[in-house]
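Just so you know, all these numbers are worked out from the coordinates, no wet-lab data involved. Keep in mind the model is a prediction, meaning the values are calculated, not measured. Note that we place each Cβ from the backbone using ideal geometry, even for glycine, and neighbour counts take in every protein chain shown.
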Amino acid sequence: MKKPYAMVFLVLAGAATAQTAAVRTPVPDPRPLMLAAIDSPSGQAYGVLTGQTAQAITHQFKATTPVYIDVTTVKRYAQPGCSRLSVRFWQDGVLLPGAAAPRTQTIEFGINYCRDGLPPRALS
């Protein structure tokens, strides 16, 4: 009989693999992905952070992968080109100061964003 926690691990491992297998656009910051998610019928865009900032983060934390960015549309507003977005940065093999072992580190935030770079005039 399989143990329940083993099944959960397999599901989570499969989800991580699917995220890394997504087509990822190299970007210097998340804005191009935010616009792509707003324009995408699926409401999603995936990228990998490039440039000096990405190099500095990876070097500082001795990470084993690039910095990945996942943007998902949470809600589309009535104002054209405006959405509530979830923006998630993550990286595998991050060794934080004082940590015994490397791990996956994630930073996620939500933002109301429009194609013009401003927040929507109304949240309906």
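Annotation: A56 fulfils all but one of (1) loosely packed, with under 12 Cβ neighbours inside 10 Å; (2) over 21 Å from P26 (Cα atoms); the unmet one is (2). The residues of the range 29-51 that are in contact with an Asp or Glu (Cβ under 9 Å, 6 or more places away or on another chain) and outside any helix (DSSP H, G or I), listed by number, are Q44, A45, Y46, G47, L49. Residues in the range 59-72 that are under 15 Å from A22 (Cβ atoms) and out of contact with any Lys or Arg (no Cβ under 6 Å at 6 or more places or on another chain) were compared, and the one that is surrounded by the fewest Cβ atoms within 10 Å (Cβ to Cβ) is T65.
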